[in-house]
Amino acid sequence: MPGRPTRALVSFGGLVFAAAIGRGGKTAFKREGDGATPRGDLKVLGGYRSGSLRAPVISATKLGRAGARDGWCDAPDHAAYNRYVRLPFGASHETLARPDALYDVVLVLDWNVRCRRRGAGSAIFLHLARPGYEPTEGCVALKRRDLMRILPHIRRGGCVRVV
């Protein structure tokens with residue numbers, strides 16, 4: 001969005017939605033911890049849904065159920081960097097089962113996953129936005145109703161383009 005470096009527009013099937021992106025804006029030179037959203041075509045690799053969600057989630061991408069033992073490693077020096085991990089986990093990581101609703105539904109985007117480079121950024125997800133579209137740590141975030149609207153149409157291998 002012009003003049004708002006931590007906001008974006010997401011276009012899907014002729015529809016346009018407001019989105020939050022990283023506190024560091026967009027970058028072509030993503031680094032671990034910079035808070036920026038990487039520019040490029042980010043393929044959908046899979047996803048998770050909160051194990052505590054009661055309502056069904058209709059999705060074209062298979063969603064695993066995330067619970068208290070599910071995490072994502074963000075420690076560049078660890079062999080599991082930018083990979084799913086089981087908790088407890090000794091190195092730095094994110095917990096996929098969060099107390100807030102941000103990860104109620106998460107699509108894992110292929111930023112530095114299939115071809116990893118240490119320190120080039122981890123855990124770039126498409127997930128739910130905070131109220132007021134507060135910036136993310138580098139992910140793309142949509143309002144719940146918007147994500148639920150497009151989720152039935154986003155397949156594994158589909159692309160989220162950040163320009």
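The values are calculated or read from the model by the stated rules, or taken from the named source; none is laboratory data. Note that the coordinates shown come from a computational prediction; the quantities given were computed from them, not determined experimentally. Counting neighbours? That spans all protein chains shown, and the Cβs are built from the backbone with ideal geometry, glycine included. For accessibility, only protein heavy atoms count, side chains too; no ligands or nucleic acids. Shrake-Rupley method; radii C 1.70, N 1.55, O 1.52, S 1.80 Å.
Tabulated data for the structure shown
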| read-out | value |
| --- | --- |
| Odd one out for residue 19, checked against (1) surrounded by fewer than 17 Cβ atoms within 10 Å (Cβ to Cβ); (2) in a strand (DSSP E or B); (3) small (Gly, Ala, Ser) | (1) |
| Residue 55 being among the small types (Gly, Ala, Ser) and out of contact with any strand residue (DSSP E or B) (no Cβ under 9 Å at 6 or more places or on another chain) | yes |
| Residue selected from segment 1-16 under the condition of a type outside the set (A, V, I, L, M) and closer than 19 Å to residue 108 by Cα, by the criterion least open to solvent (accessible area, probe 1.4 Å) | 12 |
| Residue within segment 91-103 that is assigned to a strand (DSSP E or B) and loosely packed, with under 15 Cβ neighbours inside 10 Å present | no |
| Those residues of segment 136-153 which are open to solvent by less than 50 Å² (accessible area, probe 1.4 Å), in contact with a Gly (Cβ under 9 Å, 6 or more places away or on another chain) and either over 11 Å from residue 12 (Cα atoms) or of a type in the set (S, T, N, Q) (or both), in sequence order | 136, 138, 139, 140 |
| Residue count for segment 78-90, restricted to those that are among the basic types (Lys, Arg) and surrounded by 15 or more Cβ atoms within 10 Å (Cβ to Cβ) | 1 |
| Of the criteria (1) crowded, with 18+ Cβ neighbours inside 10 Å; (2) in contact (Cβ under 8 Å) with a residue 24 or more places away in the chain, which one residue 75 fails | (2) |
| Of all residues making up segment 154-163, the number that are β-branched (Val, Ile, Thr) and open to solvent by 60 Å² or more (accessible area, probe 1.4 Å) | 1 |
